[in-house]
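Each remark here refers to the structure printed beneath this line.
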Amino acid sequence: MDTPRPLFPPRWWWGALLAVLVLAGALRFPGYRFSLPYIDHPDEPVLNLAGQMLLDFGTYKPLGIHGYPPGVPTLHAVLLRWFVDEGTPPAVTIPAVRLMGIVASLGTLACLALIVRSVEHPHRRAVGGVHLGDF
């Protein structure tokens with residue numbers, strides 16, 4: 001008979017998740033001064049310009065960056081529109097977008113860990129027809 005599973009993971013699980021997130025953050029934050037996570041540094045000014053073009057012209061299609069995720073230019077556009085004065089150069093949004101990229105990356109790791117924890121059930125795993133929970 002299966003025992004009911006608690007709703008929340010045990011404390012050791014949360015500690016392990018925190019350790020993984022701290023390690024991942026320690027690997028990502030040194031790159032904060034260099035570039036966005038997962039996006040090469042030479043492309044970052046183009047993404048900033050795409051955000052400015054989105055505000056000025058309503059599209060950034062003339063730049064030819066259709067293969068890039070649309071979220072980064074959109075973040076630049078939102079920050080430029082609502083949090084930056086018109087006389088300020090658009091590059092002032094780059095540090096904030098980098099920080100949002102790092103936070104989104106760490107949040108993705110946390111969500112993935114919670115999804116895997118909710119799907120995994122120790123009594124249902126079987127190896128070669130033998131249930132591991134039977135031992």
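Would you work out the charge dipole size for the stretch 45-120 about its Cα centre, treating the Cβ of every Lys and Arg as +1 and the Cβ of every Asp and Glu as -1, and quote it to the nearest 20 debye? Mind showing how you got there, number by number?
On the way: 4 positive and 4 negative charges, 34 e Å.
The dipole magnitude comes to about 160 debye.
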| note | Expected unfolding gain across Ala91-Thr108 under the 0.36 nm per residue rule, minus the alpha-carbon gap, is 3.5 nm
| message | Suppose the chain between Tyr32 and Ser118 were pulled fully straight at 0.36 nm per residue; how much longer would it get relative to their current alpha carbon spacing? | response | 27.8 nm
| Can you run phi through the Karplus equation (6.51, -1.76, 1.60; θ = phi - 60°) for the stretch 106-111 and list ³J(HN,Hα) in whole Hz, with x for Gly and Pro? | 5, x, 5, 4, 5, 5
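Multiplying the sequence separation of Phe83 and Trp13 by 0.36 nm and subtracting their Cα-Cα distance, what value in nm do you get? Don't skip to the answer; put the middle values down first.
Working: separation 70, 0.36 × 70 = 25.20 nm, distance 3.87 nm.
Value of the extension gain: 21.3 nm.
No value in this document is a laboratory result; all are computed from the given coordinates. This structure is a prediction, so every number in the text was calculated from the model and none was measured. Here the Cβ is made from the backbone with ideal geometry for all residues, glycine too, and neighbour counts use every protein chain on show.
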